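Only one structure is covered here, and it is reproduced in the block below.
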Amino acid sequence: MIDANALRGRPTPIDRSRDRLVVLLAISLAVAFLVAALGSALLPEAVRRGTWLPLHLALAGAASSAIAGVMPFFSAAFAAAPPTDVRLRIVAVGAVALGAFSMSAGVVAGSPDVAAAGGLSFVAGIALTALATLRPLRGALGPSRGLVTQGYVVALAEVGVGATLATLFVGGWPPLVANWGSLKPAHAWLNLVGFVSLVLATTLLHFFPTVVGARIATRPSARITVIALAVGPPVVAFGFALRSDSLGRAGAVVVIAGGIALAMYAWRTWTTRGHWTTDRAWHGFTIGGLISALAWFEVGIAVAAGRVIALGTDPGTWSVDAVFGPFVVGWIGLAIVASATHLLPAVGPGDSAAHGHQRAILGRASVARLAAADVGVAALSVGLPLHVDVLVFSGTLVLGISLGATALLLADAVRVGLRSSTA
C-alpha cells in the first residue's frame, strides 16, 4: 500500500494508540494500588507491619507502576520517535506491578521465597522500563529533552540499586541482613527520593506547564532540580550506609536545594500561565492537585532532609512515620491522582466528544475531593509521627472517601471512552 504522506513529502504520522493503552493500563494499576494501600491501613498493625505495607503498596506498587507505563511514553513523544514495541511495554509494567504485589504479599505472609521472587520481578521490570525508555531515542526525529532523559536514567539506576538491596534482604543474604539497620534508611532514600521523587520532579518540568497552560521554558532552576535530586539522595544513602554524618548532611543540603529549585520553577511557570475558559472544574482539580502535591513535597523534603541535618545518619534517627503523610500520601499520591485525571481524557480511549464527557465526569465535586485529600494528608502528617490515633484514623477515613470517589469517577470516565471506541 502506498503511503500518501510519503508521496507528498510529508513524514508518516506516528501511531501511538497502543502506547496510550499501556499508559491507561499503568494508570489504572496505580490507582488500584493506591486504593489497596489505603485499605491495608485498616488491617491490624501486626499484619500490615506498621506503615510498611501501605508504604510499599503506594511506592513499589502505585508509583512504580505509573512510572513504568508513563516514562517510555514521554521519552518517545519528546524524541518524536515511534514508541517501543507494545509487548515490551506491557511486560515491563506487568513485571513491576506483579513484583510489587508479590513482595508485599510475601513479606506479610512471612514467605521469603515469594518476597524474593517479587523483588526479582520488580528489578526485571525496572530494567525493561529502562530499555523501553531509551530504545526510541535511537530513531529520534526531534529534540529528546536531554535533561529529562538524564533524570530518568539516574532515577532508574537508583531504584535498581535500592530494590536489589531489598530483594537480597528479604531473600536472607547474611551480609545484608546483618547490616540492614544502616542500609534500610539508604534503601528508603534511594527509592523514595532518588527514584520516585526524581522522576516526578523531572516529569513536572514539562507536565506542570502543560497542565496550567504555560510555555515549557528552559530555566536554570530546572537543571538545578534534576542535578540536586539526582546527586543528593545517593550521597545521603552513602552517609547512612557508612554512618558518616558529614556525608549525609552534605547530601541533605543538596536535596533541599533541589526542593527549592523545583518550587522556584513551579512559581515562575505559574506566573506565565494562561487562563482556561472551559472545563473549569476539571482544570481546577488537576492544577490544584499538582500544586498540593508540590507543596507537600516541600514539606516532606524539609522533614526528611532536616532530620538528617539535625540528627545525623544514626539509623535510629530515620522515621518512616515522619515522612509518610507529606511525602508518600501528599506528594506521590496526589501527583498520581492529579496526573491520572489530566491524562485520561488526553491519551485515553474515545473521540473528542467522549473526552469532553470524561472531563465533565472528572470535574465533579472537584473542590470537595481535593480539600478532603489535603485535610487527610495534614492529619496523617501530624498524627503518625506524634502517634495521635484519632488523627491517623480520621485522616485515613477522609483520604479513603476522597480517593474512593476519584477512583469511581476515573472508572466511569474509562467506561465512557471504551464505549465510544467500540461504538
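The values are calculated or read from the model by the stated rules, or taken from the named source; none is laboratory data. Remember, predicted model here, so these are calculated numbers, not experimental data. Neighbour counts are summed over all protein chains in view; Cβ atoms, including those assigned to glycine, are modelled from backbone coordinates with ideal geometry. Surface areas here come from the heavy atoms of the whole protein model, side chains and all, with no ligands, DNA or RNA. Shrake-Rupley method; radii C 1.70, N 1.55, O 1.52, S 1.80 Å.
Annotations for the structure displayed:
- Any hit, the stretch 273-294, residues being β-branched (Val, Ile, Thr), over 30 Å from SER420 (Cα atoms) and open to solvent by less than 20 Å² (accessible area, probe 1.4 Å): no
- Residues in the stretch 38-66 that are of a type in the set (D, E, K, R), touching a helix residue (DSSP H, G or I) at 6+ places or on another chain (Cβ under 9 Å) and at negative phi: ARG48 only.
- SER111 being more than 16 Å from ILE126 (Cα to Cα), open to solvent by less than 20 Å² (accessible area, probe 1.4 Å) and either modelled with pLDDT of 90 or more or among the polar types (S, T, N, Q) (or both): no
- Counting only residues that are in a helix (DSSP H, G or I) and buried (at least 20 other Cβ atoms within 10 Å of the Cβ), the stretch 29-46 holds 8 of them.
- Scanning the stretch 261-280 for residues that are within 19 Å of THR203 (Cβ to Cβ) and free of Cβ contacts under 8 Å to residues at least 12 places away in the same chain returns a single hit, TRP267.
- Looking across the stretch 330-354, the residues that are open to solvent by 30 Å² or more (accessible area, probe 1.4 Å) and touching a residue at least 60 places away in the same chain (Cβ under 8 Å) come down to ASP351, ALA353.
- Test: residue in the stretch 84-105 that is within 21 Å of ALA340 (Cα to Cα), surrounded by 24 or more Cβ atoms within 10 Å (Cβ to Cβ) and of a type in the set (Val, Ile, Thr): yes
- Test: residue in the stretch 58-72 that is touching a Pro at 6+ places or on another chain (Cβ under 8 Å) and buried (at least 24 other Cβ atoms within 10 Å of the Cβ): yes
- Test for ALA310: is it open to solvent by 20 Å² or more (accessible area, probe 1.4 Å), among the small types (Gly, Ala, Ser) and assigned to a helix (DSSP H, G or I): yes
- Residue in the stretch 201-254 that is most open to solvent (accessible area, probe 1.4 Å), counting only those that are hydroxyl-bearing (Ser, Thr, Tyr) and part of a loop (DSSP other than H, G, I, E, B): THR218
- For the stretch 337-364, the tally of residues that are among the β-branched types (Val, Ile, Thr), modelled with pLDDT of 95 or more and under 21 Å from the mean Cα position of the chain (by Cα) stands at 2.
- On inspection, VAL367 fails the criterion of being open to solvent by less than 30 Å² (accessible area, probe 1.4 Å), more than 19 Å from the chain's Cα centre (by Cα) and of a type in the set (A, V, I, L, M, F, W, C).
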